[in-house]
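First the structure, in the form of structure tokens, and then the observations on it.
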Amino acid sequence: MPAQKEILYLVFLALAVRTVRLQLIGSEDHGWAFIWDYNGRAEQVYYDSMVARWNYNTNLTLENSLKQDEANFIEAHFDKQAAQIASNFDWQNFNNTTLKRLFRKITLLGTAVNHIDQAREAREYNNLLAEMRLIYSTGKVCEYHNPSSCLSLNPDLSDCLANNHNYDRLRFCWEGWRDAVGRKLKDKYPRFVELSNQAVHQGVPNWTDTGAYWRSWYETADFQEQLENLYNQLKPLYNNLHAYVRKKLREQYGQDKISATGPIPAHLLGNMWSQSWSNIYDLVEPYPGKTSIDVTSKMLSDGWTVDRMFRISDDFFKEMGLIEMPQNFWDNSMFVKPADREVVCHASAWDFYNAHDVRIKMCSNVSMQDLVTIHHEMGHIEYYLQYKHQPVPFRRGGNPGFHEAVGDLLALSVSTPTHLQTIGLLDTVEDDNESDINFLMSMALDKISFLPFGYLMDQWRWGVFNGSITPATYNQEWWKLRTRYQGIVPPVPRNNDKDFDPGCKYHVPANHPYMRYFVSYVLQFQFHKALCETSGHTGPLHKCDISAGTEAQKAAAGEKLARMLQMGSSQEWPDAMEVITGQRDMSAQPIVDYFQPLIDWLEQQNQGETLGWDDTWTPPYDCEATDGFTCKDGSRCVRPGDRCDGVNDCADKSDEQNCSIVPTGPTGGAAVSTVTNFASTVVCVLVALLMVNLVP
Ligand code: KAW
Ligand code: ZN
């Protein structure tokens, strides 16, 4: 296998360097020679590893999982060896800043790599991660009264949350997903956190935990302080949107279910995690009868296909003078969920490190939301294509938020009513204040609603990694943050000993950092504003379509963006930001500017409403009507699945008494059972393999 030869070569090189030179190598020429040699080898090793990962992610079989493990190991060994050789150079004293930066990146190793000398921990870490991802990707919720009818997250449960306004049905889907996935992950996560911290700390003692390691990618000393300032600037926008939406939900679901001054029950916002509210546009539309921006129904009635959505997105990149998707992309990508096998449905964009093999994996459906997500993923691919000439360690975004911002930035133009009209998704565009407010509301339901969620996800994880949030309080601390920042509450009581709700969001079991999305939401409006100016736009920011100017203006905007993308991470991010915006700091002002007309409108609508929420309020929960069991001492409502399961939920233990007379399942309404047969089988085999591997 070629990759094994690479490692042997590197081992040889490392030994040679060690024995021949007892001093550090100071020559920068030798440094460059090492970099270019490393680069060619890295491209080959990373290509092999990406192929193995792709094969597993698009076909979740045990065989593919084992092949992926092997490739990961080879990659980790390669990285470790490369870091060891690089550390024999006196790179800290190099004069050339680019060379120094390359060496720094090669010598700073990540989590998986740092375990490499401890095979047992490395294997345990990888296996835990694989098990958690598999549980998430194959989780299903079955209808209680029809156990053979089971719902997957995509499309069934997502559609359930998005498309109906039945309080109890929504609760079934919301709760079912958490029972099916969160509870299975709960015991795995604490050990994963421990192993992750161990690896990070071994790698660089300065990184006290995994959160510190993740934050180091931003190269910003006061990063957390900057984020908090940005968040505080944006909070009034969110609180105004929240108060208005709560008022509308009260009209829909009744005063008993929605308090005028409390948080909103989390299952009513059109999304499994309450992170994007655009699916409840119909409930909150400011001016019914005026231009409505939800074009999904138009896409469906006009017979749009997923392929057409990808082509439209590619056309926009081309129109801006950016690089079009290569033939490989169209041949190798996975655009829709296959019917015959389990896959990881969460969208992702893949770079195979050979300049032309790039792919998207996505279970797309025909909808406006997925059209935006397609632009988002294509933004990642465009970055890959623009920085492909850079050495491997620089093939990254200016910072992680930059990578997430590119496609969204372009989608801000594509989503304008005038642009939607040019691609046939709106018949008429009314140019008046009421239509403007409708449009801004639809954008706010995506962008403003996301901000607290984007901010809190890693507040929670950073707390977990640094030990201030312990396994005993994982779930309750999660809900403290959800209520504090998002102003939402769970619709059913949570059980801190059994539930693990953070695990029900993909990025937690998959261990992908999340603060990048919050950063991206700030950056994309900064970039949008700057490119709008370059493309000759005048007037309100929300009306800007950067492709609407003259050919020369469009080209100027496209070139600016391309220049920034081509830099990759070769310089610190303020340098990259300066190329587009002319300034070096993150700023929330462009989002505020974009939404200003809506903010003014919301402030008027919210007269008499309470901004913010009383975080002690919880929604009514009729224990008996939902087949629950009230503890004899009346202290708690125990859900059907928790009764007689061998765990005391009631302080007086009454839920575990008289179990012989308990019916085998709930008597009425929808109830939950779960199947993860496939996942359980694979997990069992993985665990068995792990145990075999652990026996000395
Ligand atoms: C969002 C983003 C854009 C538009 C609408 C949105 N709504 C919500 C979000 C945030 C977030 C979410 O769904 O909660 N979005 C995503 O997770 C999109 C997926 C991704 O493109 O960010 C993907 C996540 C991922 C990372 C690593 C492995 C597998 C999946 N990221 C990438 O594919 C990626 C590509 C290049 C560099 C870095 C990340
Ligand atoms: Zn992304």
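Normalised by the residues of the range 294-425, what does the relative contact order come to in percent, with Cα pairs under 8 Å and at least six apart? Working shown, then result.
Values: 163 pairs, mean separation 33.5, N = 132.
Relative contact order comes out at 25 percent.
Spacing of the modelled spin labels on Gln224 and Thr618, each 7 Å from Cα toward Cβ, amounts to 3.0 nm.
Based on the alpha carbons, how large is the Rg to Rh ratio for the chain when Rh follows Kirkwood? Mind showing how you got there, number by number?
On the way: Rg = 26.1 Å, Rh = 27.0 Å.
Reported Rg/Rh, Kirkwood definition of Rh: 0.97.
Taking the centroid of alpha carbons for each part, the range 554-627 and the range 147-204 are 26 Å apart. Each Lys and Arg adds +1 at its Cβ and each Asp and Glu adds -1 at its Cβ; summed about the Cα centre, the range 66-141 shows a dipole of about 300 debye.
Annotation: lysines with alpha-carbon distance below 22 angstrom to Lys361 (same-chain offsets under eight excluded): Lys67, Lys140, Lys318, Lys337, Lys388, Lys505.
Which loop-located GluC sites (Glu not before Pro) does the range 341-447 contain, where loop means any DSSP state but H, G, I, E or B and the Cβ has at most 15 other Cβ atoms within 10 Å?
Numbers: sites: Glu342, Glu377, Glu382, Glu404, Glu430, Glu434; in loops: Glu342, Glu430.
Sparse-neighbourhood loop GluC sites (Glu not before Pro): Glu430.
Cβ crowding within 10 Å ranks Arg643, Arg191 as Arg191, Arg643, fewest other Cβ atoms first.
Computed per residue of the chain from DSSP H runs no shorter than four, each worth -39500 (n - 2.57), the mean residue ellipticity at 222 nm is -17000 deg cm²/dmol. Straight-distance candidates among the lysines for linking to Lys235, with alpha-carbon spacing under 18 Å and chain neighbours fewer than 8 residues away dropped: Lys447, Lys480.
Considering Cα pairs under 8 angstrom that are at least six residues apart, work out the relative contact order of the range 370-524 and quote it in whole percent.
Numbers: 120 pairs, mean separation 42.7, N = 155.
Averaging sequence separation for qualifying contacts and normalising by length gives 28 percent for the range 370-524.
Note on the range 285-321 and the range 50-111: Cα centroid distance 40 Å, given to the nearest whole angstrom. Sorting Glu533, Glu175 from the fewest to the most surrounding beta carbons within 10 angstrom yields Glu533, Glu175.
Charging the Cβ of each Asp and Glu at -1 and of each Lys and Arg at +1, and nothing else, the dipole of the range 503-580 about its Cα centre rounds to 300 debye.
Once both labels are positioned 7 Å from their Cα atoms along Cα-to-Cβ, the gap between Glu143 and Ala510 label points is 2.9 nm. The spread of Cα positions in the range 387-521, taken along each principal axis and listed from longest to shortest, comes to 55, 48, 19 Å.
What number, in percent, do you get for the relative contact order of the chain if the mean sequence gap of Cα pairs under 8 Å and at least 6 apart is divided by its residue count?
Working: 1019 pairs, mean separation 132.4, N = 696.
Worked out over the chain, it gives 19 percent.
Using the alpha-carbon centroid of each, what span in Å lies between the range 226-271 and the range 370-447? About 25 Å separates the Cα centre of the range 226-271 from the one of the range 370-447.
Taking the DSSP bridge list for the chain and keeping only pairs wholly inside it, about 75 percent are antiparallel.
Every number here is computed from the coordinates shown, using simple stated rules; none is lab data. The structure presented is a predicted model; accordingly, all values stated were derived computationally and were not measured. For neighbour counting, all protein chains shown are included, and Cβ atoms are generated from backbone atoms with ideal geometry for every residue, glycine included.
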